[in-house]
Every structure is written in structure tokens, then in C-alpha cells.
1. Of everything in the range 230-277, what is modelled with pLDDT of 95 or more, out of contact with any Ser or Thr (no Cβ under 8 Å at 6 or more places or on another chain), farther than 11 Å from I217 by Cα and among the aromatic types (F, W, Y)? Give them in sequence order.
2. Looking only at strands (runs of 3 or more DSSP E) that lie completely in the range 213-299, which have at least 2 residues being out of contact with any Leu (no Cβ under 7 Å at 6 or more places or on another chain)?
3. State whether the residues of the range 301-308 include one that is of a type outside the set (A, V, I, L, M, F, W, C), in contact with a helix residue (DSSP H, G or I) (Cβ under 6 Å, 6 or more places away or on another chain) and surrounded by fewer than 18 Cβ atoms within 10 Å (Cβ to Cβ).
4. Failed condition for V314, given (1) out of contact with any helix residue (DSSP H, G or I) (no Cβ under 9 Å at 6 or more places or on another chain); (2) surrounded by 11 or more Cβ atoms within 10 Å (Cβ to Cβ), with all others met?
5. Among the residues of the range 145-181, which ones are assigned to a loop (DSSP other than H, G, I, E, B), surrounded by 15 or more Cβ atoms within 10 Å (Cβ to Cβ), at pLDDT below 85 and of a type in the set (V, I, T)?
6. Which ones in the range 75-88 are surrounded by 24 or more Cβ atoms within 10 Å (Cβ to Cβ) and touching a residue at least 60 places away in the same chain (Cβ under 8 Å)?
7. Got a number for residues in the range 77-109 being of a type in the set (G, A, S) and within 22 Å of L168 (Cβ to Cβ)?
8. Would you please name the residue that is modelled with the lowest pLDDT, looking only at residues in the range 131-144 that are touching a strand residue (DSSP E or B) at 6+ places or on another chain (Cβ under 6 Å) and over 14 Å from L41 (Cα atoms)?
Amino acid sequence: MSDAKSDANSDAKSDVFFLAEFAAGAPSHAAQELASGAASLAKQSGGSAVGLAYGEGAADGAPSLRTWGAARVLVLGTHAVPAITHAAAVASALRDGGVALLAPATPNGRDLAAATVGLLGVPAFGPARAVRFEEGGLKVEASTLQGAWVTISEPADGAPTPAVALVLAGTFTPKEGSGTAAVETAETDDGPLGAARIVETHQEGKAAVNLEEAQFIVAGGRGVGSADGFTQLQQLAEALGGAVGASRAAADAGWVPYQLQIGQTGKVVKPALYLAAGISGAIQHRVGMQTAENVVAINKDPDAPIGEFADLFVVGDLFAIIPKLTDEINRRKGA
């Protein structure tokens, strides 16, 4: 059965929606991940993957979401405005059906998902590190130490709108295909949040790297000792093509901005590699990074808690190890 025929025969009440942010006509990496995730879930639900696209160039780039699994795309807006201005349009699109809305655990994704949940009064949960359908209900795996599965919608609850799952980066793997998605323009509905505007922006350079989407993270804790100590971590992160993160202790000390904090009261990340330098590994920090595929820790204290769950635990001076590691990576890149 062709994709087109399959899409035509799908039940709209079983569709899986996802948020897709665009910039300069290209979908974000999170949008690509969620498109593939929605397509996979839609096979379980008997529906189709439907993108809700917004941002600069969204109309021109929307058909490309088919590449990652979207059957249909609704364009919410094409201008650089706060994400929450699209909440009414998202709510309107979802009122007629669908079983799930996948939102990225990014600043814009969180804002838009929260506003949509408020307008619709639907169940929501996040951040989640896995999503699935089971016996007709939507379940998510919580990003906690226990990693418990939580049911956020039941097949018999009669809800006309989908449950919302806030999804961590790396939860789904983008799977490229071919074709273009059918594109429609969503009905204009500014709603109570439509008047929100961007009045000021700040460029903070390398500190503004999106940790939620980084595949390589070098994080520093109390053991880094100072703001200057993070310079070496930044150099290693650049060599890896990744981002710098920090524990709460480092952020509280003023060595890095709070936007780099990872943990229970900070960001939750899921990189391919998480290198923790001078971080003890307290439970509060572990909650924010335990979903990393590989964890490497460097610490002077052989009894540091992080050694209990690190894939590789190096006992030593981070200021002696990090520069050599950076040099070696750069050497291999240049070879």
C-alpha cells in the first residue's frame, strides 16, 4: 500500500500531531525527530503524522517534513514571533481529533505546549524520554531516576483532543525518506496570546547553545573552581562540536549563566556523550543527564557518586586531563 493511499485511509481521530519550528525555511532538528516519532506512533494508532509548523519560512519548508514522516502539515505562521502566539491555532487544529501532540522540550516548545494545554484543558506530561501506545492509551516514560512509565490518556476517556507529551531531544531518531507532505494553512485565530511580541533580544554567543539538542556535552561542577576554569571545558566542547553545561553549584557560584544548568531545577538533556568534569553526581544533577547514551566522568574523588553510574570514571585532575584530551581530539580531526 502506498503512503498516499495509507494516509487517505487513516482515521483522523487517531492522528499524531507534532510541533515543528522553522528558521530560514528549514525545520529544526527537533522537528525532524518529532516527525519520525509521530510517524512511528501513528502506525500504532492507525492514523497519520501531522506537523504544526511555525517560524520563518515555514510555508516554503513545510513540504519537506514528509522526508521525516509527516503526511500532512498545517502552517500556523511564518514570522518571527513568540511561539505562544500560535497556541490558539494549535488548540483549534487539535479540537477535532488526534490522540497525541508531541512537543519538543525546548524553550519555545515548552511555552507553546503549556499555553495549548491551558487553552484545551487536556492531560500533559514531560519531559519524557520515551513515548508509546499501549492498549489504546498513550504512555510516556518519565525522565526521573526510576524512569517509570506513566499513562496520560486512556482509550475510554472520551477526550476529543490529544494528550500532550513534552519530549526530550534524542528520544526519536530522524529517519529520512522521500516525497512531500500535503500542506494547508491553519485557520487564523490569534486568541488571548496573539498580542505577544518580541520586544528585545540578547545574543550571548556560545552560552546560547541549545543544550537540549546537543549531541556532545562537556559539563563542569564545583571542581572546576572558577569561571576561568570553564575556558578549558569550552575548548573541549568546541573540539567535539558540542556544548558546555554545568551543575547547579557552578551556576550558583556565578561561573556560568543559569541557562547552562543541568539537573532537577535546570535542563534535562539526552546527548550521545556527556562528559562531567568536577561534578560529584548528586541525585539532583543526575535527574538532568541520566538519559545520556554514554557518561564519562573526571573527578579527583574516587568515591564521588557519579562513579556509580558513569560508563567511564577517570580519577584525576581535570585540569591535567581536559587539555590533553582536547589536543588529542584536534590532532585526530586534523589527521
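1. Within the range 230-277, just F230 meets the criteria.
2. Values: elements: 216-220, 243-246, 273-277, 294-299.
Fully inside the range 213-299 and qualifying: 273-277, 294-299.
3. In the first step, residues of the range 301-308 are kept if they are of a type outside the set (A, V, I, L, M, F, W, C); the result is 301-303, 305, 307-308.
Now drop any that are not in contact with a helix residue (DSSP H, G or I) (Cβ under 6 Å, 6 or more places away or on another chain), which leaves none.
No - not one qualifying residue is present in the range 301-308.
4. Condition (1) is where V314 drops out.
5. T161
6. Within the range 75-88, L76, A83, A87 meet the criteria.
7. 7
8. Among residues in the range 131-144 that are touching a strand residue (DSSP E or B) at 6+ places or on another chain (Cβ under 6 Å) and over 14 Å from L41 (Cα atoms), the one modelled with the lowest pLDDT is S143.
The values are calculated or read from the model by the stated rules, or taken from the named source; none is laboratory data. The structure displayed is predicted, hence computed values, not measured ones. Heads up, the Cβs are rebuilt from the backbone with ideal geometry, glycines too, and the neighbour counts pull from every protein chain shown.
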